[in-house]
Amino acid sequence: MKKTERGNKTLKKGHKILIVILIILLAALIAAFFVLDYRQKQQAKEAAQTETNAAEKKSDVKKEEEKQPEEVSPQGPVSALTGLPLEHADAAGRRLVAVMIENTKAALPHAAINRAGIIYECPMEGGISRYMALFDDYDGLDIVGNVRSCRPYFAYFASEYNAVYIHYGQSVQGEEVLKSGIVDEMNGLDGTISNQVFFRSSDRKAPHNAFTSAAGITAGIEAKGFDTANKAANHFSFSGTENTLASGTDCKALTVYYPNSKPYFVYDDASKTYQRFEFNAPETDSVDGQQIAVRNIIIEQAPVSNYEGFEYLNIPLTGSGSGKFLTNGKMVDITWSKAGNTDITHYYMPDGSEIALNPGKTWICLESSSAMEKNTYFATQNQLTGN
């Protein structure tokens, strides 16, 4: 009996130990559960905070971006005439100016023509040609020209760019166009305000010695109260990649038929430009001393006749016609169209798309059909020079 009681006591004691162990294990499990739950909640809280911080940072960045001005190319503002960075950032958005420039031997060398973005060359009476040089960046120029008189077709070309047209004198027909109001504000910077806009040099005789300058142009625009903002649509588009003119034929030299100056261009592979010659010599700029070199050449065929009873040329620019486009040592046949006198002239590739210029200066030659037939085009420089 005593032995049985002793055994029962031992069994009860074992049960108590087991219960204690189970209680300890249960407590440990409960503690572990709470620890795990706490860690999960903490991790979720940290993750939420991270997302909040990221969202706030993104919002701050967005707000900062909204505060920033419109993105500007790392190279700075780009010229609407050349597609290249402007030398002077202040010229960005400025109204263009178109300067009439004489092209006879007595007028050489020209001043500041290398600062022009686009140059128009058109025939004049007597077998000579004349230039109209378009500028957006003329800052700091002390001399530009020499400056000569207006002809209607030059004024209409200037109007395509809404440019301030700068000339010294005009033909009878030119005066009619300027006074008609067809060309907006074109009867502005001329010889009537010569003391403000123009000056005469002492190194050559009149009428070959009239010049203008950046200060003169600015003074004239202010005196006339002209709008100074460039409101013209971009005349040309520029190729985002190199326009190799793959469909074209090789053309590394060409002569352009203006019988007085006998100009020609020779392609330079290193600079990818056409270098200009006339009067049997390189044509240079007196300001920078450099030869004129252009990236693109457009030759436009137009009807040319004389006004009845006058020696002055009558060159209608509206309608359509043919021409040539040269860049990168290649040439293609193109067509052109112009709806009205002051509308933009559009130039088209053989596939019907508008031409895309390579960034750089552009030279546009206007010629009669008979002159076009006398132009010559050479696949290599040697064919022209004989070297």
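What does the charge count near Ser322 come to, summing +1 for each Lys or Arg and -1 for each Asp or Glu among other residues with Cβ under 14 Å from its Cβ?
Within the 14 Å Cβ shell, the charges total -2.
When ranked by the protection proxy of mean other Cβ atoms within 10 Å per residue, highest first, what sequence do the peptides 259-271, 374-386 form?
So the order, starting with the most tightly packed, is 259-271, 374-386.
Would you mind checking the pairs Lys252/Lys361; Lys231/Lys338; Lys262/Lys324; Lys272/Lys338; Lys231/Lys272 and listing those with alpha carbons more than 27 angstrom apart?
Lys272/Lys338; Lys231/Lys272
By the scheme Lys and Arg +1, Asp and Glu -1, what is the net charge of all other residues having a beta-carbon under 9 Å from that of Ile364?
Overall, the nearby charge balance is -2.
Looking only at Cα atoms, what is the convex hull volume of segment 268-358 per residue, in Å³?
163
Read-outs: derived from the displayed coordinates by stated rules, not from any lab. Just so it is clear, the model here is predicted, and its values are computed rather than measured. With ideal geometry, Cβ positions are generated from the backbone for all residues, glycine too; neighbour counts draw on all protein chains shown.
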